[in-house]
Amino acid sequence: MEHEMTIGGNLFDRVVQILEQARSNVVQSVNTNMVTAYWLIGREIVIEVQCGKERAVYGKQVIEVLSQQLSAQYGSGFSLTNVKYFRQLYQAWPDRLFIQHPFVVELAEQPKSHPSGGQFPSGFSSRLSWSHYRALMRVSKPAAREFYEREAIECGWSKTQLERQIQTSYYERILAHHGEEGLLAPHRERLAGEKLTPVDVLKSPMVLEFLNLPDNPNLHESKLEQAIIGNLQLFLLELGKGFSFVARQKHIRFDDDDFYVDLVFYNFMLKCFLLIDLKLGKLTHQDVGQMDGYVRLFEDQFKVPGDNPTIGLILCSDKSEAVAKYSVLHESKQIFASKYLKFLPTEEELRLEIEKERRLIEANLADRKGLLSFDENSVPNAE
């Protein structure tokens with residue numbers, strides 16, 4: 001007769017609390033170090049530019065050269081736009097930190113001490129990421145910026161929640177209806193934050209860039225998606241119609257948003273890129289609009305002279321049916337109809353391929369699960 005050992009619930013709860021706190025500490029440490037490092041870089045830039053004689057011209061050159069050198073040594077994450085954000089971070093909170101850097105020539109005017117009375121102490125909150133501070137930098141009014149920062153910290157807002165409140169003028173709406181007293185927490189209902197796991201935070205492309213870690217495609221795919229995308233990649237390469245594989249989970253950044261395109265191919269007969277996005281579910285108008293956005297962003301960032309217009313392909317795999325739909329920008333529809341179609345698989349061919357692959361993959365996963373369950377139940381008790 002088998003006996004199951006049980007332990008007191010209090011012990012389990014205490015161990016869980018230790019692990020959750022440790023994981024949270026790791027994430028908070030990354031947040032703090034990222035933002036602090038970027039603030040210090042911004043401070044160095046401001047000091048360097050203020051020492052220059054022709055500030056406007058010299059400042060532009062400093063940022064461009066620094067971006068090139070950092071990109072050469074550390075790779076992505078130090079584009080010209082990002083380095084400008086570092087400077088903007090320092091300019092938005094010039095007195096937030098009091099760190100005496102050993103290699104810095106101090107500014108003539110020392111930062112004033114930060115006022116007390118409900119305002120933030122020196123330093124950046126470990127609960128907010130670099131993406132949060134990027135969003136806050138867009139708020140020009142200091143009082144509003146401070147309000148949004150405090151709410152994001154105390155309510156645990158995600159970057160998306162913070163941006164939503166800023167875009168809908170949450171601060172101004174409270175002032176208009178309730179006055180300054182309404183800004184205080186006891187006088188209004190507060191928006192609760194979204195629960196994020198440490199993995200959600202650590203797989204952020206900005207964090208991976210900062211830590212110089214590879215952005216693995218598996219971070220952004222479920223097991224079913226991985227299998228379907230892998231088989232689709234082979235299917236297109238075996239067609240023999242000029243397809244060349246370019247990337248999987250291709251990262252595209254626009255302002256402070258990160259997007260991933262499941263598959264990118266280049267067709268050397270058509271001289272154009274093909275972007276493929278897989279959705280596990282039914283096709284929606286939002287999916288079509290999103291793919292149009294991917295195509296425009298990709299053309300802006302990666303298309304070179306001589307390339308023909310980029311095309312998109314949306315694949316939706318639902319349990320009951322599959323849908324394949326090419327997404328072509330209006331100005332490219334004529335070339336798509338006259339030249340592209342003879343080199344591309346039809347939507348019907350793609351639909352049938354996705355349906356077939358999904359059935360095979362789900363059956364295989366079910367078989368493996370059943371086999372594992374059988375093996376676990378058949379192992380005799382070694383004791």
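The values are calculated or read from the model by the stated rules, or taken from the named source; none is laboratory data. It should be emphasised that the depicted structure is a prediction, and the values quoted were computed from it without experimental measurement. Using ideal geometry, Cβ is built from the backbone for each residue, glycine included, and neighbour counts are taken over all protein chains shown.
Restricted to helices (runs of 4 or more DSSP H) entirely inside the range 169-265, those with at least 1 residues that are at pLDDT 80 or above, β-branched (Val, Ile, Thr) and not assigned by TED's automatic domain parsing to the domain that holds Phe302 are 170-178. For the subset of the range 232-269 comprising residues that are crowded, with 19+ Cβ neighbours inside 10 Å and among the aliphatic types (A, V, I, L, M), which member is farthest from Lys159 (Cα to Cα)? Looking at residues that are crowded, with 19+ Cβ neighbours inside 10 Å and among the aliphatic types (A, V, I, L, M), I get Leu236. A count restricted to the range 324-338 and to residues that are in a helix (DSSP H, G or I) and either closer than 16 Å to Leu278 by Cβ or under 32 Å from the mean Cα position of the chain (by Cα) (or both) stands at 5.
Please find, among Leu274, Leu341, Leu350, Leu270, the residue that is part of a strand (DSSP E or B), in the same structural domain as Asp255 (by TED's automatic domain parsing) and not aromatic (Phe, Trp, Tyr).
Leu274
I'm trying to understand the selection: among the residues of the range 270-282, which are more than 22 Å from the chain's Cα centre (by Cα), crowded, with 17+ Cβ neighbours inside 10 Å and free of Cβ contacts under 8 Å to residues at least 60 places away in the same chain? Within the range 270-282, just Phe273 meets the criteria.
Does Glu355 satisfy the criteria of being assigned to a helix (DSSP H, G or I), out of contact with any Phe, Trp or Tyr (no Cβ under 9 Å at 6 or more places or on another chain), surrounded by fewer than 20 Cβ atoms within 10 Å (Cβ to Cβ) and of a type in the set (Asp, Glu)?
Here the answer is yes, as Glu355 does meet what is asked.
In the range 35-47, the residues that are touching a residue at least 60 places away in the same chain (Cβ under 8 Å) reach residues that are outside any helix (DSSP H, G or I) and not hydrophobic (A, V, I, L, M, F, W, C) with C-beta atoms within less than 7 angstrom, at least six apart or across chains, in these pairs: Trp39/Arg96; Leu40/His101.
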